[in-house]
Each structure stands twice: as C-alpha cells, then as structure tokens.
C-alpha cells in the first residue's frame, strides 16, 4: 500500500527513512523541543490556537476539537481525564494505525499538550485489541518518555504532572463509540450510555472527560508549531488543515495520503490514487468508511470535507474511501457491510439488535434467490425504522448504506428477484 503525501507535509512523513518510533529520532526532527515552553503558557491560549485551527474531530463526527474542550466545567473538584479513541474499527479506515505504528510520539506529544490544555493529569489511550504490534510500540514510547522525564511528576520542571496509560480493548466495534469506550475502560460491558449527560460533564469514573480521536490529537503539536490560523488556511473555511485520507478497493494505488481538507474526491481517485483498477468503469464510492451512504460516479466531483459531502446525502466520516467498480454486485457489497453491523451490535437497543440481523437476512434473500417482490420496500422501511431509534450511531451506521444502495441501485435488487438470485461476478 502506498503511504504518500502529495500535498503539504504536516502529519504524514512515512518513507523519509527515519524511525520515528525512536524518541531520539523524533526529538532530532524537532519533537518535544518546545514542550517546556508550552507547558508554562496559558492553557486558554493553547486551546484558542486549536479553536482558530478549525480542527474538526477526525474520528467521524467532525465536531470542532477546541470547542469540545471548552465544554468542560470551569470549576470542578473532580479530576479531569483525556481519553484517546484508538479503537479504529470502521471498515475501510486505517489512518490512526499509522500514528500508533509509525509515529507514536506525534500522538503522545499531542496527548501531553492537550492534557495540559484541559487541566488533566491522566490520559488513557484506548487501543483496538487486534493492534498487537501497535500496542507494543505505544507502550515502549510511553516508557521512553517516563525515562526521559517527559512524563510523570513535574515534567521538565514546569510543575505539571501527567500519567499516560495505554489500555487495549477486546476488539469490539461498538467501543469506538465514546460512551461505550468509557464503559469498557471502566471494566464494564462495552455498551453506550444515554446522553445527556455528555462525557465532558460526566465521563470516565463519573468525572469530566474529553474523548478525542488519534488523528485529532496528533494534529495538536503541528497546530502549535505553525499557528492555528496557518493550519486553518490549509483547508476550507470551516474545515481546517490537512487530513489523512485512506483509499482502498478497486484503485491502482490504494493507501494513505495526506491532503488538504476540501480536496476534490474525483481528483483523489483518478490522479492521486492512479485511477480505477484495470481502468474498469466506476460504479460507486463509499466516501468515509462503511457507515457512509454511497455515492454514484456523477456525485464524486465534490470537495472532501464535512460540509460538502452532506449536500449529496453522505458524509466524510473517517476519510476512508472505498472504490467499487463494475461488474461488482452492489448486493454483494451491502450484504457484507450488513453482516458486519449485525455481528457488531452490542444488543442493547431492540431496533439495532433485531433490525441489523433482519437487514442482513433480507439482503441475503436477494443473493440466494428467496426474496419476494415486496422485500425491496421492506428492506428500505426496516432501515428507516432503525435510523434515529437507537442510543448510539451504530443503528444509523447500519441503516444509511442500505438505504443509499436501495435508492441508487434498486434495479439490481429487482433483477435478483427476476433471475432467482445473484449471478457470480468478478
């Protein structure tokens, strides 16, 4: 897989020959150079730089990170926690793994600065359980920081104390949802909480908590180095900076790329990623991970940012694009996606627990030849009744791609009924 940076070099630096898992190498490249200075600056000034950067959360929701930090209570006698969501279970997404595997100190420096900004003395990195090698890399990097006096008590003589803990999960997709993550971190079953209260008020161990994605926090040192306004200027008006975009599926150069927010999706596919595999006709694009509604070829000449993709009924999500070309069956595609969400439902909400399995069984009927003419509308209506009726977003994540495929590729479902099932395709 390619790992390239065709644009401004802010986050992605794999391939330059340096081992950034080594603390000394990271420091030689400028890492931690201004840490002491920044741990003595005004916390409000530090947060304001992140606000000015228009850094929107890179975990999928796109909420402005600096604004989120501002939701913490100003006066509290409870400890404040920073929790890093490193669960990265969204199919088609592989950006956070880069930092965990290749550049852990970029993330950890961001953890230190962000923890300081929100007045936290404890930070937890909740890591996807399958990331075995990455977990070892993060643990070693944390140990190196303690040994160097960059973590623990009185960091660099600034009077600031911080401990960072890496906590592996058990491989549940649902623990990518922030409140399910907090439940799991507390040793409970990974099931989402009702909101409100939101984690900024009642989070980990009942205390004020900020939950941010890996890429979001890894961008913080970059923002402070170049200034919030300069970072913001790299993107669009409401979507600041550069972002790591993944692309997989039927493209010639699948991989991870750093691009400005708002980069054109069609250009991303045909120029940056080299075009479709074997120059096959494009059929559909999932723009930001498997939960995002699909786009047809006439919808991809669009900016990749949180606001633009809403105008065509989809979303940026995690920025993990999946390219689908002819002659792939969209029934096969949505069957695989629906099976995933049915398997990963935590079972807490009836519409999700029962509905995701129903979606999968209905779609399987089109493949197997047991579907009836009314099943197309039943499938769409079932998805409608899941969307918006669950505690967390897993239900909608299962429903949205189904709805988009039925709307845009209904003829394939009709053909499957007429033909008594699905013919094998390449």
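The values are calculated or read from the model by the stated rules, or taken from the named source; none is laboratory data. Note that the structure is predicted; figures quoted are calculated from it, not measured. Every residue, glycine among them, receives a Cβ derived from its backbone with ideal geometry; neighbour counts consider all protein chains shown.
Values as computed for the structure displayed
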item: Residue match in region 23-46 (condition: touching a strand residue (DSSP E or B) at 6+ places or on another chain (Cβ under 8 Å) and within 30 Å of residue 171 (Cα to Cα)); result: no
item: Residue satisfying condition, being part of a helix (DSSP H, G or I), touching a residue at least 24 places away in the same chain (Cβ under 8 Å) and surrounded by 15 or more Cβ atoms within 10 Å (Cβ to Cβ), within set 97, 58; result: 97
item: Any hit, region 338-349, residues being in a helix (DSSP H, G or I) and buried (at least 22 other Cβ atoms within 10 Å of the Cβ); result: yes
item: Residue identified as touching a residue at least 40 places away in the same chain (Cβ under 8 Å) and under 30 Å from residue 236 (Cβ atoms) among 417, 324; result: 324
item: Boolean, residue 119 is over 21 Å from the mean Cα position of the chain (by Cα), assigned by TED's automatic domain parsing to the domain that holds residue 150 and touching a residue at least 12 places away in the same chain (Cβ under 8 Å); result: yes
item: Any chance residue 378 is in a helix (DSSP H, G or I) and either assigned by TED's automatic domain parsing to the domain that holds residue 303 or surrounded by fewer than 18 Cβ atoms within 10 Å (Cβ to Cβ) (or both); result: yes
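Let's see how each residue does on (1) without any contact (Cβ under 8 Å) to a residue 24 or more places away in the chain; (2) farther than 10 Å from residue 87 by Cβ; (3) part of a helix (DSSP H, G or I):
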| position | (1), (2), (3) |
| --- | --- |
| 135 | no, yes, yes |
| 139 | no, yes, yes |
| 142 | no, yes, yes |
| 146 | yes, yes, yes |
| 150 | no, yes, no |
| 163 | no, yes, no |
| 166 | no, yes, no |
| 174 | no, no, yes |
| 180 | no, no, yes |
